[in-house]
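Take a look at the structure below.
The values are calculated or read from the model by the stated rules, or taken from the named source; none is laboratory data. Note that the structure is a prediction, hence the values are computed from the model and not measured. Every residue, glycine among them, receives a Cβ derived from its backbone with ideal geometry; neighbour counts consider all protein chains shown.
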Amino acid sequence: MLDLPVVDAHHHLYRLADGYPWLSGPPQPRYHGDDTRLRRDYLMEDYRADCAGIPVIASVVVENGAARPLQEAQWIDGVLSGCPSVQVAKADLLDGGVPAVLERYAQLPTLRGVRDILNWNPDPYYTHRDRDAIMDEPVWRDNFARLEPLGMSFDLQVFPEQLPGAARLADAFPSTRIILDHLGMPTDRDAQYLRRWGEALRELARRENVFVKLSALGTTDHHWTKSSIRGPILTAIDAFGVERAMFASNFPVDSLYSDMPTLYSAFDATVADFTREERCRLFAGTAIEVYRM
């Protein structure tokens with residue numbers, strides 16, 4: 001059992017009645033697997049039940065694809081009122097109305113940043129967007145430029161093939177904190193694929209304004225073991241250092257592949273040889289600093 005405080009750097013909360021298109025309608029074959037068990041409300045009491053026995057002292061609640069993002073952010077702000085936890089809200093940076101939304105977000109005490117999921121793949125089984133390189137488009141970048149003056153970070157979710165674009169983005173906005181979600185989501189465990197992913201990850205890590213979440217390994221490795229996730233985790237830590245890496249559960253999505261005690265036990269075993277100071281950084285310290293808790 002973990003013997004140090006935990007800040008879960010990435011999980012979700014949602015009420016289905018508020019509208020989540022990806023959790024509505026007939027289930028579709030997708031890379032994360034059968035999401036039938038996710039098609040229920042997931043509230044703070046559900047999250048607390050999942051992390052029972054783990055010394056979670058705070059967390060980062062990340063948007064979950066709501067149809068009405070501002071409404072979702074306002075609800076989460078109320079849920080987190082009086083708690084040490086914070087949130088990352090959804091922002092479509094291609095939307096002409098997003099500047100006004102960002103101004104509204106800036107008024108929420110719990111808000112620390114935004115996310116605009118950019119995962120693209122020519123295979124519909126994987127892709128979230130209709131085209132690649134959105135983060136290079138002028139309108140998107142003009143709205144991205146609004147984040148740093150408002151004190152907001154950006155959670156970046158892309159696939160490994162998009163990591164060079166992430167590096168260009170980090171170079172263009174060196175004062176904006178960019179947090180790479182889910183290790184850049186390596187979708188294959190082939191050795192050559194992982195080598196290319198590792199090279200792209202290390203190149204991105206040269207930008208000091210970029211951080212990484214060690215999370216969602218089950219999303220791309222449904223039958224993961226301590227052995228299968230060890231390599232990707234250590235590759236990411238080696239690239240970014242413990243000062244810019246943080247563990248996260250990605251619950252309830254990753255509850256499709258394991259329970260949370262099993263997940264955090266695997267995290268703990270992976271870094272068992274690290275110093276206590278380094279482990280404290282990975283399990284809590286980086287998230288506390290990056291998300292200004």
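Annotations
- Residue in the range 158-169 that is exposed (fewer than 14 other Cβ atoms within 10 Å of the Cβ), in contact with a helix residue (DSSP H, G or I) (Cβ under 6 Å, 6 or more places away or on another chain) and not acidic (Asp, Glu) present: no
- The strands (runs of 3 or more DSSP E) falling completely within the range 3-110 include none with 2 or more residues that are of a type in the set (Phe, Trp, Tyr) and over 20 Å from ARG129 (Cβ atoms).
- Residue satisfying condition, being crowded, with 19+ Cβ neighbours inside 10 Å, closer than 30 Å to GLY151 by Cβ and modelled with pLDDT of 95 or more, within set ALA266, ALA284: ALA284
Residue-by-condition table, conditions (1) on the phi > 0 side of the Ramachandran plot; (2) in contact (Cβ under 8 Å) with a residue 40 or more places away in the chain; (3) over 16 Å from the mean Cα position of the chain (by Cα); (4) part of a helix (DSSP H, G or I):
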| position | (1), (2), (3), (4) |
| --- | --- |
| LEU194 | no, yes, yes, yes |
| LEU204 | no, yes, yes, yes |
| LEU217 | no, no, no, no |
| ASP221 | no, no, yes, no |
| ARG230 | no, yes, yes, yes |
| ILE233 | no, yes, no, yes |
| ALA236 | no, yes, no, yes |
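- The residue list SER24, SER81, SER59 contains one member that is hydroxyl-bearing (Ser, Thr, Tyr) and either in contact with a Ser or Thr (Cβ under 6 Å, 6 or more places away or on another chain) or modelled with pLDDT of 95 or more (or both), which is SER59.
- Summed over the range 129-144, residues that are touching a helix residue (DSSP H, G or I) at 6+ places or on another chain (Cβ under 9 Å) and either assigned to a loop (DSSP other than H, G, I, E, B) or not charged (D, E, K, R) (or both) total 7.
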